[in-house]
Structure formats: structure tokens, C-alpha cells
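The values are calculated or read from the model by the stated rules, or taken from the named source; none is laboratory data. As the structure is a computational prediction, the values presented were derived from the model and not from experiment. All Cβ positions, even for glycine, are placed from backbone atoms using ideal geometry, and neighbour counts span all protein chains on display. Surface areas here come from the heavy atoms of the whole protein model, side chains and all, with no ligands, DNA or RNA. Shrake-Rupley method; radii C 1.70, N 1.55, O 1.52, S 1.80 Å.
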Amino acid sequence: MKTVMILASAAILTATAAASSAYAEELTAKEKLGKSIFFDESLSINFNQSCASCHDPEWGWTGPDSVVNAGGSVYEGSIDGRFGDRKPPTSAYATPSPIFHNDKGTFTGGNFWDGRATGELLGNPAADQARGPFLNPVEQALPDSACVVYQVCIASYDVAFTDVWGPEACDIAWPDDVETVCATEGATVALSPDDRMQSAQTYNNIALSIAAYEDSPEVNVFSSKYDQTFDGKVKLSKQEQRGFALFRGKGQCH
């Protein structure tokens, strides 16, 4: 039985990955930029962890260890021996979540498990969420948001950051010791007030680029059996229909 379940899961994951890759050439420039950032391991203190490390497309956009996932456990960050606080949720289908709000007594929207990436900062919960892991000491662990900006600005992506956000996005006077500082926990990059302001804006646009990729058809494939019922390709079984009614009704899962 376990073997059957593993083979079935592998087939589903393979189909999801194949469906995602089929959309790769349809991405916009911003989405392509966001994808490059999403998979860039240099955006961590030890150059060994990207967003995709914990949101792997081969594993349904969550962590790549089925045993860890089954137990709802956590993953190790860029620094050896440091583990995240919670199992990474899937980054697929996260973007339709609205800005966190109280809807007639029911809290709705936001990203992260507790909704704390409200979307109020950038008008987009997925973008608010994307700002967090780079600086989390148990995840990508960079000491300063300027370190993320620096690496993105010097990166050789298929679509340059300045091609999407303009040349001013990376018009920052970096100190000579920026790479040393960015490899040091608790350090801060020495920037002028104007450069710090530009760096902060660029950091937000990095997050918006990631959110654009997460909102693309490569990530949000909508290829499940449920999705296919809208096109009349398949029909839910009677048991599935009862489950859906429970999900939408008494279960209050939606």
C-alpha cells in the first residue's frame, strides 16, 4: 500500500512539474525576473539556499523531504544547525489571498501560516511574505536587506533587474566592504541616507518580482481534478461531491 501511495504521489508531482515547465516561455519579463530571484542561492548568507530550497516545484512548491512534510516539521536554513520555526507552506496558489482583514468576525487573507504577511505594506500579501525569509536568521539569514539588493543588482539573470524596474533601482554607491559585511551576522551595510532609501525601495520591488512569479501560470497551474470540473473535462465522484459540500459548509474550511 505504501509503495502504491509513493508511486501515485510521484506521478502527481511529475505531472505538476511538467505542467509548470510548459508555461516557462509564457512568462512576462517581471515574472522571469522573479523566477531568477526565487531560484538564486546567492541570496543567503552562505550562498546555499534560495526561496526554492523550501518551496521546490518538484514537491508541490513546499520542502523537498516527504518525511519532514508528513510530520509537519521544519527545514534547516543557510546556517548549519538552525531550523525554521514552521514547515514551509506551499507557495503555489498563495497569491489569490487578499489583504488580511476581518470579514464579519472571520479573519481572512494574508500569507504565512498566521497571516502576518498582511499585504498592507506592498498591497500584496505574497510580496509582503517574500520580504521575510531573506533576513530571517534561521532561514536565508542575510544581515541586511541591502545585501539582497546588492546580490540582485550584480546578478547575471536572463532579465536584469534594471530592465524591469529602471536603471535607478541599482544606482547605489556600495561600500568596498559590502561583501564582507553581508557575510557577517548582525552587520549593517554603510549606505548614505539616499542610497539606503533607494535600497529599501529596490528591496520591496524584489519582493514584488517574486510575487509576480508566484502569481504566474507556471506556479499556479490550476490543473487539479477540481479545476478540470469547470471545463467539464471530469466530474467529481459522489464521495468527492459530499467532501466538497462539507468543505464549503459545515467544515468551514474555505
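Peptides 186-195, 212-221, 243-252, 163-172 ordered by packing proxy, namely the average of other Cβ atoms within 10 Å per residue, highest first: 212-221, 163-172, 186-195, 243-252. Close amide H contacts of TRP61 (hydrogens built in the peptide plane, cut-off under 5 Å, sequence separation of 5 or more or a different chain): ASP56. Taking θ as phi - 60° and the Karplus parameters 6.51, -1.76 and 1.60, the scalar couplings of segment 209-219 work out to 5, 4, 4, 4, 5, 5, 8, 7, x, 6, 9 Hz in sequence order, x denoting glycine and proline. Each of PHE112, PHE222, PHE38, PHE107 has its accessible area taken with a 1.4 Å probe; listed largest first, they run PHE107, PHE222, PHE112, PHE38.
What does the highest-first list of 61-68, 227-234, 87-94 look like by mean Cβ count within 10 Å?
87-94, 61-68, 227-234
Please build a GNM for the chain, connecting alpha carbons under 10 Å apart, and tell me which residue among SER145, SER50, SER156 fluctuates the most. The residue that fluctuates most here is SER156. Here LYS35 is the anchor, and the aspartates and glutamates within straight C-alpha reach of less than 20 Å, apart from those fewer than 8 places off in the same chain, are GLU25, GLU26, ASP56, GLU58, ASP128, GLU139, ASP158, ASP163, GLU214, ASP215, GLU218.
Kindly identify segment 62-183 as rounded, prolate or oblate by the Cα gyration tensor criterion: order the square roots of the eigenvalues as a ≥ b ≥ c, call it rounded if a/c is under 1.5, otherwise compare a/b with b/c, prolate if a/b is larger, else oblate. Here segment 62-183 falls in the oblate category. Listed by chain and number, the lysines whose C-alpha is less than 17 Å from the C-alpha of LYS233, apart from same-chain residues fewer than 8 away, are LYS225.
Please state the shape class of segment 113-164: rounded when a/c is under 1.5, otherwise prolate if a/b exceeds b/c and oblate if not, all from the C-alpha gyration tensor. In terms of gyration-tensor shape, oblate. The length gained by stretching the chain between ARG116 and TYR226 to full extension, at 0.36 nm per residue less their Cα-Cα distance, is 36.7 nm. Extension gain, LEU236 to ALA29, is 70.8 nm, computed as 0.36 nm per intervening residue step minus the present C-alpha separation. The HN-Hα couplings worked out from phi for segment 198-208 by the Karplus form 6.51 cos²θ - 1.76 cosθ + 1.60 (θ = phi - 60°) are 5, 4, 5, 5, 5, 4, 5, 6, 4, 5, 5 Hz, whole numbers, x standing for Gly and Pro.
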